[in-house]
Amino acid sequence: MTDSVPTSCSFDETPLLHLRTVTDFVEAIPYLLGFHPTESLVVVMLHGPNDRIGVTLRYDLPEICGAPAMARDVAAHASLHGADRAVVVVFAEHRPRADEVAEWPLVGQVSAALHQVGVSVADSLYVSGGSWRSYLCNDPVCCPSEGRPLPAPGTLSDLAVAAADAGLVALPDRDALQARLEPAEGSARASMERALAAAEAAFVRAAASGGIPAWRAAMQARIERALTCTLAADDGRGLSALTDEEAAEILVALSDVAVRDTWWLRAEDGGSSDALALWSGLVQRAVPPYDAAPLFLLGWTAWRHGDGALARMAAERALSSDPDYQAASLLLDAMDLSVDPRCLPSLAASMRDESTTEGHER
């Protein structure tokens, strides 16, 4: 499993976090990923003389035979994104002896692959048991054999406070992130299935009477009200005020490409962060295949905001619900090609430009 998290594109942006020490750097990684990594290799790309953080990659730790392929993939990403330097970090439960850390081949293979594409390794670290060690430093004064301690879980360190102020969160693990996409089950699912059947029937009646334009307008207004309600709650729980019937109407509406695309382009116009809680809440109440649209919108929104892990999970879940959902395939293709979303022009602006050009041509 691989997660790619773009954290910046324009390197003259005001930084969200100032990382002054190696301990700060290690402590910041869960906030870059959105969750605390376990049994993972994390590679953080650095740019420019001030080492601005770019793309952060996370991989499940491989078997020994898989290390060369992982090293090549890391190097390809680093080259594609124009990184100047990189920090390689291993997160593992096993607390090794110092000689075990030094002998493990994975970090050496990744470092060698990075050097081959002109990316120097600023540091290589092993994080385990609440402390970190450096592969590159043998000075017992700054890098003692027992490692440097990290703040205890739940400690309100300066870095944790700064991350919270910046709106960054770090869930306990990747499974906790995955849980945000779990669909309704049991009685909640049965109730939603009944509500969806009624919403589908209303759509069919509108189509049969030629009332689709009016139905779309009504559904757009319904989604606007749901968004307003969610924002007013300030914590995403405003969505729980929607009845199953109202949530079902929105889910059926989002299965209409015209309605979905309105919100897709709205995300491209800069309103995406506001809708994250709405899409996330709808995903948790949806029943397949009606979860595909909110999963895609959640994934696209997350990707645009640098949350590659959530974006990939959402896109993959959308395709699992509906294998022919082309928008989700497009999102996965963009991530597989390492497209940096913060460098991608707004699709909405591009479509307006194309429309204007066509108008002039006419």
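The values are calculated or read from the model by the stated rules, or taken from the named source; none is laboratory data. The structure displayed is predicted, hence computed values, not measured ones. Methodologically, a virtual Cβ is constructed for each residue, glycine included, from the backbone with ideal geometry; neighbour enumeration extends over all protein chains shown.
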Practice prompt. Kindly indicate whether any position in the stretch 137-144 is surrounded by 13 or more Cβ atoms within 10 Å (Cβ to Cβ), under 18 Å from P30 (Cα atoms), modelled with pLDDT under 90 and outside the structural domain of H305 (by TED's automatic domain parsing).
Written response: no
Discussion item. From the list G66, G108, exactly one residue is exposed (fewer than 14 other Cβ atoms within 10 Å of the Cβ), of a type in the set (G, A, S) and either more than 25 Å from the chain's Cα centre (by Cα) or modelled with pLDDT under 85 (or both). Which is it?
Written reply: G66
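Suppose we filter the stretch 127-161 for residues that are touching an Asp or Glu at 6+ places or on another chain (Cβ under 9 Å) and either more than 18 Å from R20 (Cα to Cα) or small (G, A, S) (or both); how many remain? Talk me through it step by step, then tell me what you get.
Here is the first cut: in the stretch 127-161, the ones touching an Asp or Glu at 6+ places or on another chain (Cβ under 9 Å) are 128-129, 131, 133-137, 150-151, 157-160.
Subset that is either more than 18 Å from R20 (Cα to Cα) or small (G, A, S) (or both): 128-129, 131, 134-136, 157, 160.
Matching residues across the stretch 127-161 total 8.
Got a sec? Which of A201, A226, A195 is part of a helix (DSSP H, G or I), surrounded by 19 or more Cβ atoms within 10 Å (Cβ to Cβ) and at pLDDT 95 or above?
Details: A201 fails: surrounded by 19 or more Cβ atoms within 10 Å (Cβ to Cβ); A226 fails: at pLDDT 95 or above.
Exactly one of A201, A226, A195 is part of a helix (DSSP H, G or I), surrounded by 19 or more Cβ atoms within 10 Å (Cβ to Cβ) and at pLDDT 95 or above, namely A195.
So which residues in the stretch 102-134 are in a loop (DSSP other than H, G, I, E, B) and either more than 19 Å from A83 (Cβ to Cβ) or not assigned by TED's automatic domain parsing to the domain that holds P37 (or both)?
Let us first name the residues in the stretch 102-134 that are in a loop (DSSP other than H, G, I, E, B), namely 104, 117-119, 129-130.
Scanning the stretch 102-134 gives W104, G129, G130.
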Worksheet item: Does A160 fit the bill of being assigned by TED's automatic domain parsing to the domain that holds F91, free of Cβ contacts under 8 Å to residues at least 12 places away in the same chain, surrounded by 12 or more Cβ atoms within 10 Å (Cβ to Cβ) and within 30 Å of G306 (Cα to Cα)?
Response: no
Worksheet item: Within the set of pairs 6 or more residues apart or between chains, which connect a residue that is polar (S, T, N, Q) inside the stretch 242-267 to a residue that is assigned to a helix (DSSP H, G or I) with Cβ atoms less than 6 Å apart?
Response: S255/A293
Practice prompt. Among the residues of the stretch 284-331, count how many are farther than 17 Å from L251 by Cα, of a type in the set (D, E) and buried (at least 22 other Cβ atoms within 10 Å of the Cβ).
Written response: 1
Worksheet item: Residue check, L156 against (1) more than 24 Å from R72 (Cα to Cα); (2) at pLDDT 90 or above; (3) out of contact with any Leu (no Cβ under 9 Å at 6 or more places or on another chain), all met but one. Which one?
Response: (2)
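Residue-wise test of (1) at pLDDT 75 or above; (2) assigned to a helix (DSSP H, G or I).
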residue	(1), (2)
L265	yes, yes
D269	no, yes
S280	yes, yes
W303	yes, yes
L310	yes, yes
A318	yes, yes
P323	yes, no
L332	yes, yes
A349	no, yes
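Determine whether V127 is surrounded by fewer than 16 Cβ atoms within 10 Å (Cβ to Cβ), in contact (Cβ under 8 Å) with a residue 12 or more places away in the chain and β-branched (V, I, T).
Working: surrounded by fewer than 16 Cβ atoms within 10 Å (Cβ to Cβ): no; in contact (Cβ under 8 Å) with a residue 12 or more places away in the chain: yes; β-branched (V, I, T): yes.
It is false that V127 is surrounded by fewer than 16 Cβ atoms within 10 Å (Cβ to Cβ), in contact (Cβ under 8 Å) with a residue 12 or more places away in the chain and β-branched (V, I, T).
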Worksheet item: Which one of D24, D60, D99 is charged (D, E, K, R), at pLDDT below 90 and either surrounded by fewer than 22 Cβ atoms within 10 Å (Cβ to Cβ) or within 20 Å of D123 (Cβ to Cβ) (or both)?
Response: D99
Item to complete: Output the number of residues of the stretch 163-185 satisfying the condition of being among the small types (G, A, S) and farther than 20 Å from P294 by Cβ.
Response: 5
Worksheet item: If you check G167, G210, which single one turns out to be in the same structural domain as P30 (by TED's automatic domain parsing) and part of a loop (DSSP other than H, G, I, E, B)?
Response: G167
Worksheet item: Does the stretch 71-79 include one or more residues that are more than 22 Å from the chain's Cα centre (by Cα), surrounded by fewer than 16 Cβ atoms within 10 Å (Cβ to Cβ), at pLDDT 90 or above and not assigned by TED's automatic domain parsing to the domain that holds E316?
Response: yes
Item to complete: State whether the residues of the stretch 336-344 include one that is touching a residue at least 24 places away in the same chain (Cβ under 8 Å), under 23 Å from I29 (Cα atoms) and among the hydrophobic types (A, V, I, L, M, F, W, C).
Response: yes
